[in-house]
Structure formats: structure tokens, C-alpha cells
Amino acid sequence: MALNPTVARVTDRIAERSRDSRQSYLDRMRAAAEAGPARAHLTCGNQAHAYAAMGEDKAALAGGRAPNIGIVTAYNDMLSAHQPFERYPDIIRAAAREAGATAQVAGGVPAMCDGVTQGQTGMELSLFSRDVIAMSAAVALSHNTFDSALFLGVCDKIVPGLIMAAASFSHLPAVFVPAGPMTSGLPNDEKAKVRQQFATGEVGRDKLMEAEMASYHGPGTCTFYGTANTNQMLMEFMGLHLPGASFVTPNTPLRDALTTAGTKRAAEITALGNAFTPVGEVLDERAFVNGIVGLMATGGSTNLVLHLPAMARAAGIRLALEDFADLSEVTPLLAKVYPNGLADVNHFHAAGGLGFMIGELLGAGLLHPDTRTVAGDGMELYTQEPKLRDGALVWEPGTGISQNEKILRPAATPFQPTGGLKQLKGSLGHGVMKVSAVAPERHVIEAPARVFHDQDSVKAAFKAGEFTEDTVVIVRFQGPGANGMPELHGLTPTLAVLQDRGLKVALVTDGRMSGASGKVPAAIHVTPEAVSGGPIAKVRDGDRVRVDATAGTLDVLEPDFDQRTAVVADLAANGHGLGRDLFETFRKAAGPATDGACAIL
């Protein structure tokens, strides 16, 4: 199948836009690779420090002829998705020895849980934790004793931060090793119903807690299709996982076998062998386009519209919102996974999962088939499924037929002909909307504005019964420069209740929504942000606002709007408490959301 002309055009546009920065990046990568294995340049004293505690691996490390794999881990046992990583270093070291290699935990990176910090002060550190993770991983690899790296991470900011670090060590091969989703618990739609009942006072906190604990109940990633599982999809579409690795549940024989295989592959693709695959060559324009197509086809998290530009910049590639918008227009929505549908990721995986979807998109000419991956050359490898046969890991052809077309459909009969995200532009600025979970009749909302400077004020107005008519809720001063751009996921139940009462409601914000944002139309990541004097800082209560995901527009319909002076808010309270004072430098340095809201690139 010939490559779709829009996919080809967008890829060429990205390459042209990135020509100078990408060439400079590749030149640096090649210079580092040509310098040879890092340990050859270390003194005996340097090496003795690095190997002192390595026991039976000391001789192999000192000999310098065996590949040495650096493990960068985001393990902690507060995150259910990362708790399984506690066992991984032992599995990896054993697998490395079998492959004639060695492995060392190079370092750990912080990993916070957005589910714990939703609606809390700590959420204001969440986005910038991505940049801290990138820097922490760079510190881990800076010892310069590694021939390749394994990155252990799953959740929201962790994978993007690890990608940024991997890209900065472009000459090293990098294999990403997931932990997998938890087994299915309370269905996500039932959990959401209880949340809405709690918001209206129909049930008490005891019932809410019971529902939440039944939903989030064991090791592994949360099972809805939020940012964490979108990350895992991306790693497969971009060729950084082994095929079929994303959605195998934790602590199972197949999961352990995939971790072992990932280790052995990391040893095979170093510069010491014949299959050298530096990550800088995997992370090219085609890989990022494939990732964006995967995002659209699955109806993935809006957070990746922030993270992908930051990840790409680390590899010398410049993405723009127009790239997302154009690819969305030609990518069919093939999956319905909560919040876009009732199924969870385990149901999606059982229906055929990423292997089926990648095969469909390749067949439709919507993916670059010839990308380099950690598994080898070509995306066709990612249509295969891992299986255990007599205790041995093998890859077999995946299903060519969806096992449940209520969850996963062929490209010829998609849920909708275009992707899950829409770019919005107008007098209010530049933003995005996740439309895959929003009913078509709610893609256009025109109503008076109610303006707030934090989400708690919205909840207070709701409890006071102030929302009695169609409303566009404006929540501003929530951008990266104002308070670190926290997710406003806590507004989802409140606004959903208003919508269920028959009101037409929409959210407009320079902040973020959760990867699990649902059925309420939300124009998010609005730039320029309010703290920079963006148009969103000029909106007043009662202004007529039009949010139009069909036309891709975002406007205030008041004749004097352009002539107004932007409001200035007192943000002094954002600078202190729970570590926020340590992040002042990040808030001052953060770029716009359209460039990834990054403070370090």
C-alpha cells in the first residue's frame, strides 16, 4: 500500500522544518558513536569505582569486552504501574549474563502519580517532573560506562521524560521495558457514575471510596485509556518496545519472558555487535509521525500533544500543532476504550490490540512501514504477538480479524473517519480538544462565559447552584508559567453532571485535563496563557464564547474583545508549599504549550 499523501506531506514538512536542528543532532550522535565504547576511555580508577560492588560480574566488567547495560528505573511501590519494577533488576541481570553481557542499575528517577495528586497542590509539580526525570536519567547515564540502556517506566510524565533523556544519549541503544496493566476491576463507567453521584450528594464518601478501591485494585497500570496507557501505545508505534509488549499484565510468565527478551535485545544492538541501533536513529521524523497516527487512531490522551513536541525537540525534531491536526484529519478512529467507550485496555488487547491496529494502519498506508526499531527494521514486526510455547518466547502472526468490533474495528469501517484530537484557533488563542469521547452534537457550544482562576472555585459555584444555563467555563492562570499547568481532572464529574442535566457546557483553559478526560467538550492547553497576557486573560463573565470543534475555532464573540486589557492575577500563593518553591525556575523558563511547555530544551 502506498503511503497516504497527507502522511507523506506532513513528514516532509516536519523534516524540512527540522533540517538544521536534526542534522546537528545526528552529527553529535555520530561523533559520540565513533568515539567507541565508553569504558575504553575511563581510567582504571574510574572503572574500579563503577565495578566495586558488582560481585560475580566484576571480571566481565573489567575485561571491557562484554556489553554493559545501564538500567534506569522509575520504580517505587506507591505507583501501582511501577511497583512490578521492583523485581526487574534481578531478572535483567540474570538475562544479561545468559547473553554474555552485564547490567547495572545506573540510577532511579522520580515518578509521581497523577491519580494521587489530582486536585491537590502536588499536581502543580507534575508536568515539570517530566523535565526532572529527563535530567535525573541523564545523571544516571553520565557515568558513561554503558553500551546500551533499558528504561523502566510507564506513567504520565515518566515515559516522556525518559525519552528526552534517551534522545540526549543518542548514540546508545535504548529499549523501553513496560510493566503492563492491572487486571480488570470495577468497570470504568460504573466508577464514573459513582463519582458523579458523589458530586451531587447522592452517595457518601464511603461508597466513593469503595468504588475507587474496586477500580484501582492491584499491581499494574490503571486500565482506562489515559496517559499511561497512551504512552505504552506510543512506545510500540515508535519502535521502542518489543512487539506486543505493552499490554501484558504484570507478574506473569509472559511478562517476565518479555523483560528477559528486552534485555537480550539491548545486548545485541550495541556498537560491540553487528546490529548497532542507536536510539537517535530510531527517533526520526517517521517514528514521531507513526506515534501521532497511533495517538489519533486510538483516541489517546491529550497530554501527549504536550509531550510529543518536547520528546521530539530532544531528538532535534520540531513538531507543530498543525502536524497533529492534519494527521487527525486522515486517521480513522479504530478503538473505543474508556473514556471513549466502555472497554478497558485488557479488553482492547484481547480484541486484537496494537498488533491488529498496526496491521490495519499499515494496510491503509497510514504508517511509515520502513522505520528502524529496537526489534529490527520495519513496522511489520509489530503486527506479531508474543507467545510462550513450551516455555520459550516466540512471536507469531497476530489476528487479522478484530475479536470484538464494539472495541476495535478495521480501518475500512472505523468508529469515525477522523482521529481523536482537534486543533482550535481563534480570538481566544490556540488550543486542542479531545473529540473522540464527546458526542457529535456537543462539538459546537456557544454560550455565556463564567470565569474562574482555579478549579476549586468552579466546584464551589456548582455546589452553590450557580450553573443554571448553558455555560462556557473559563479556568485561566493554569498554564506552565502560572502554576505548572496542573491537570483539572477534578472538574470532569462536576461538568458531566451539568451536561447530564441538559445544559450545554464546555471548558476552556490554559491548563491540562487528565488523559481520562471524558464526554464534556474541553478546549485545553490554550496559548498564549493568561500569565503571559494571552487573550484568555481578557474574557469577562457573560461574554459570548463559541467553542467549535467542527470548524476548529475558539472565539469570544464580543466587538470590543481585542481592545481590552488583560487581567493580572495574584499568583503569590503558587510559589510555596509542597516543594513548589523549588520549581520557580521551571515556571519562569517554561516554553508555551504548543512547544511542549518544556523548561530544559
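The values are calculated or read from the model by the stated rules, or taken from the named source; none is laboratory data. This one's a predicted model, so the numbers in the text were calculated from it and none came from an experiment. With ideal geometry, Cβ positions are generated from the backbone for all residues, glycine too; neighbour counts draw on all protein chains shown.
Brief remarks on what is shown
- Scanning the stretch 160-172 for residues that are part of a loop (DSSP other than H, G, I, E, B) and either surrounded by fewer than 22 Cβ atoms within 10 Å (Cβ to Cβ) or touching a strand residue (DSSP E or B) at 6+ places or on another chain (Cβ under 8 Å) (or both) turns up PHE169, HIS171, LEU172.
- Condition broken by ILE92, with the remaining ones in (1) at pLDDT 95 or above; (2) out of contact with any Ser or Thr (no Cβ under 7 Å at 6 or more places or on another chain); (3) more than 30 Å from THR418 (Cβ to Cβ) satisfied: (2)
- Test: residue in the stretch 110-124 that is free of Cβ contacts under 8 Å to residues at least 40 places away in the same chain, charged (D, E, K, R) and in a helix (DSSP H, G or I): no
- When every residue of the stretch 338-351 is checked against the conditions, at least one turns out to be of a type in the set (Gly, Ala, Ser), surrounded by 24 or more Cβ atoms within 10 Å (Cβ to Cβ) and over 17 Å from the mean Cα position of the chain (by Cα).
- Residues in the stretch 42-77 that are β-branched (Val, Ile, Thr) and surrounded by 14 or more Cβ atoms within 10 Å (Cβ to Cβ) were compared, and the one that is farthest from GLU268 (Cα to Cα) is THR73.
- Here ASP27 meets each of (1) assigned to a helix (DSSP H, G or I); (2) within 24 Å of GLN104 (Cα to Cα) with one exception, condition (2).
- Residue within the stretch 72-94 that is among the small types (Gly, Ala, Ser), in contact (Cβ under 8 Å) with a residue 24 or more places away in the chain and under 20 Å from THR277 (Cα atoms) present: no
- Those residues of the stretch 349-383 which are of a type in the set (Val, Ile, Thr) and either assigned to a helix (DSSP H, G or I) or closer than 22 Å to THR413 by Cα (or both), in sequence order: ILE358, THR383
- For GLY107: the one exception among (1) in contact (Cβ under 8 Å) with a residue 60 or more places away in the chain; (2) touching a strand residue (DSSP E or B) at 6+ places or on another chain (Cβ under 8 Å): (1)
- Condition broken by GLY239, with the remaining ones in (1) crowded, with 21+ Cβ neighbours inside 10 Å; (2) under 21 Å from ASN340 (Cα atoms) satisfied: (2)
- Filter result for THR200 (surrounded by 17 or more Cβ atoms within 10 Å (Cβ to Cβ) and either at pLDDT below 95 or charged (D, E, K, R) (or both)): no
- Residue satisfying condition, being surrounded by fewer than 24 Cβ atoms within 10 Å (Cβ to Cβ), under 14 Å from the mean Cα position of the chain (by Cα) and within 30 Å of GLN23 (Cα to Cα), within set LEU272, LEU308, LEU304, LEU295: LEU308
- Residues in the stretch 40-70 that are in a helix (DSSP H, G or I), aliphatic (A, V, I, L, M) and under 36 Å from the mean Cα position of the chain (by Cα): 2 in all.
- Scanning the stretch 28-74 for residues that are charged (D, E, K, R) and at pLDDT below 85 gives ARG39, ARG65.
- The residues of the stretch 125-159 that are assigned to a helix (DSSP H, G or I), out of contact with any Phe, Trp or Tyr (no Cβ under 8 Å at 6 or more places or on another chain) and under 19 Å from ARG512 (Cβ atoms), listed by number, are SER126, LEU127, SER129, ARG130, VAL132, ILE133, ALA134, ILE158.
- Total residues in the stretch 308-326, condition in a helix (DSSP H, G or I) and either in contact with a Gly (Cβ under 7 Å, 6 or more places away or on another chain) or small (Gly, Ala, Ser) (or both): 7
- Pairs are defined by a Cβ separation below 6 Å, a sequence spacing of at least 6 or placement on different chains, a first member in the stretch 404-422 that is under 25 Å from THR553 (Cβ atoms), and a second member that is part of a loop (DSSP other than H, G, I, E, B) and β-branched (Val, Ile, Thr); the pairs so defined are GLY419/THR331; LYS422/VAL435.
- Conditions (1) of a type in the set (Val, Ile, Thr); (2) touching a helix residue (DSSP H, G or I) at 6+ places or on another chain (Cβ under 6 Å); (3) not in a loop (DSSP other than H, G, I, E, B); number of the one not met by VAL394: (2)
- Subset of the stretch 51-94 [touching a Phe, Trp or Tyr at 6+ places or on another chain (Cβ under 8 Å), more than 25 Å from ALA179 (Cβ to Cβ) and aliphatic (A, V, I, L, M)]: LEU61, ALA62
- For beta carbons closer than 8 Å, sequence separation of 6+ or different chains, a first residue in the stretch 548-563 that is surrounded by 17 or more Cβ atoms within 10 Å (Cβ to Cβ) and a second that is of a type in the set (Ser, Thr, Tyr), the qualifying pairs are LEU554/SER427; ASP555/SER427; VAL556/SER427; PHE561/SER427.
- Within the stretch 282-297, residues that are among the hydroxyl-bearing types (Ser, Thr, Tyr) have Cβ atoms under 8 Å from residues that are modelled with pLDDT of 95 or more and part of a helix (DSSP H, G or I) in no pair, counting only partners at least 6 apart in sequence or on another chain.
- If the condition is being farther than 27 Å from MET182 by Cα and either among the polar types (S, T, N, Q) or in contact (Cβ under 8 Å) with a residue 60 or more places away in the chain (or both), then the stretch 137-164 contributes ALA140, LEU141, SER142, HIS143, ASN144, THR145, PHE146, ASP147, SER148.
- Restricting ALA566, ALA573, ALA496 to those that are over 16 Å from LEU421 (Cβ atoms), free of Cβ contacts under 8 Å to residues at least 60 places away in the same chain and not in a loop (DSSP other than H, G, I, E, B) reduces the list to ALA573.
- Residue within the stretch 129-145 that is among the β-branched types (Val, Ile, Thr), surrounded by 24 or more Cβ atoms within 10 Å (Cβ to Cβ) and closer than 23 Å to SER80 by Cα present: yes
- Residues satisfying the stated conditions in the stretch 256-283, i.e. over 16 Å from ILE69 (Cα atoms) and not in a loop (DSSP other than H, G, I, E, B): ASP256, ALA257, LEU258, GLY280, GLU281, VAL282
- Test: residue in the stretch 529-537 that is buried (at least 20 other Cβ atoms within 10 Å of the Cβ), among the acidic types (Asp, Glu) and closer than 18 Å to THR509 by Cβ: yes
- Residues of the stretch 397-447 classified as among the basic types (Lys, Arg) and either crowded, with 23+ Cβ neighbours inside 10 Å or farther than 17 Å from PRO521 by Cα (or both), total: 4
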